[in-house]
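Only the coordinates and a few stated rules stand behind these numbers; no lab work does. The structure presented is a predicted model; accordingly, all values stated were derived computationally and were not measured. Every residue, glycine among them, receives a Cβ derived from its backbone with ideal geometry; neighbour counts consider all protein chains shown.
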Amino acid sequence: MYDQNLKFQSGKPERGGVRSEEEETTDRHDRYDRTSEGLPQVKLLTNGSGKVWTVDENGKPLGIYTDNSANRTTQGFQPIREKFKLLHFARKLLPKERTAHCFYNRITKEEGVSVFLNKLRNKANYGNVMRCANPWACPVCSAIISEGRKDEVKTAMDWWKAQGGDVLLLTLTAPHYSSTDVKSLKPAMLKARKYMLKGVRATKDLFKHYAIEHYISVFEVTHGKNGFHPHFHILLFTKYHVHNPRGSVMRMQFFEQWKKACEKAGLDQPSYEHGLDLRNGQKAAKYVAKWGLEHEMTKGHIKKGKTDSKTPFDLLRDYAEGDENAGKLFRIYFEAFKGTRQLNWSKGLKKLSSKGQEEKTDQELVDETDNVAELMFKLSIELWNPIRKHGRQGELLIKVQEDHTLKKAMEYVKECLGYDGQLRE
């Protein structure tokens with residue numbers, strides 16, 4: 001008979017800054033015996049033949065803590081599995097970055113890893129684990145941050161359209177080649193954008209002429225046959241509706257300014273066909289229409305790239321499937337873009353559209369707690385180790401969401417212990 005304690009207590013997930021954790025586990029038996037005074041424990045029991053059940057410290061079935069509803073559908077769970085799988089491989093590629101600790105090490109070493117569940121939304125999550133808040137490297141944190149930024153962008157668009165304004169989508173890029181050093185290309189692109197939006201009198205005159213009051217700019221990158229392809233998507237908030245901006249004089253005028261900005265920044269001269277695109281927010285490219293304009297602005301590096309180009313997380317997927325060169329490219333990309341701000345808002349827009357609410361940092365977005373979520377159980381370091389070591393964090397969350405009785409989750413914990421050679425029958 002195998003008997004493993006899981007600490008269980010009610011409450012909210014811990015918040016706190018990132019602190020390092022020693023990788024080696026201290027005495028196993030001391031850890032098992034350490035419990036919070038007065039709090040019930042959860043025991044995972046198995047008879048060695050595959051049957052697993054949970055009981056309290058008195059051996060009674062854990063009915064008071066479980067939901068006896070039917071198993072949940074698995075539809076929509078694949079993204080959870082995918083994100084944590086990619087994080088597992090990002091950790092291998094970036095061992096010295098904060099991402100290596102993300103959803104891996106604990107914030108407070110004396111406490112176990114909490115597993116929470118919002119039953120209304122059927123969404124499980126972890127507490128007392130570090131979160132790197134790196135939108136360029138971490139597929140898990142990046143998705144959380146993107147959701148928050150997407151909401152901010154949508155709020156601004158709705159606010160502007162409610163006043164009778166329109167939103168155009170301006171895309172800017174410059175020539176690049178397979179031999180181009182992306183570390184040099186990135187700052188040159190940022191300079192060109194600055195000249196385009198802030199540093200050229202002619203552009204300011206264009207903004208005034210077309211009644212463009214605000215903008216939101218996002219920096220995005222893909223990789224293809226011509227190497228890394230950094231580019232900007234810029235939302236232009238104009239007072240008037242533009243019927244066909246792509247075939248308008250407006251596009252030609254903006255292209256002339258972009259060409260001058262590229263030259264001033266030391267970039268090669270862009271072509272009219274590929275260097276600049278200008279579209280109405282409702283008639284943008286197919287992927288923009290599918291996901292919504294605000295999704296294009298905040299999720300470009302998450303969604304899968306086109307056939308002839310790959311997003312950074314496409315490269316990470318390829319590495320996970322054995323492509324070592326894709327792993328090298330992902331590292332090159334990360335080193336070039338880490339620390340760079342993805343979204344930039346024109347002065348005053350966010351304050352106006354959000355009615356003065358304080359902007360949340362990336363770290364605040366990923367650390368946000370779900371006040372409705374219930375604490376289901378806690379995992380000691382001995383139980384957490386085989387889950388985190390093999391990148392199974394996402395799968396455990398899925399098991400909790402699939403079956404609120406926790407039977408599937410407890411079976412999976414036992415399975416992970418068996419894979420790691422810790423299960424003794």
Condition first: farther than 23 Å from LEU383 by Cα, assigned to a loop (DSSP other than H, G, I, E, B) and charged (D, E, K, R). Now tell me which residues in the stretch 114-149 satisfy that.
LYS119, ARG121
Given LYS208, LYS183, which one is surrounded by fewer than 18 Cβ atoms within 10 Å (Cβ to Cβ), of a type outside the set (Val, Ile, Thr) and in contact (Cβ under 8 Å) with a residue 40 or more places away in the chain?
LYS183
Please indicate, with yes or no, whether at least one residue in the stretch 192-205 is more than 20 Å from GLU263 (Cβ to Cβ) and not charged (D, E, K, R).
no
Scan the stretch 82-113 for residues that are outside any loop (DSSP other than H, G, I, E, B) and not basic (Lys, Arg) and jot them down.
GLU82, PHE84, LEU86, LEU87, HIS88, PHE89, ALA90, LEU93, THR99, ALA100, HIS101, VAL113
Could you identify the single residue in VAL242, VAL249 that is exposed (fewer than 13 other Cβ atoms within 10 Å of the Cβ) and of a type outside the set (Gly, Ala, Ser)?
VAL249
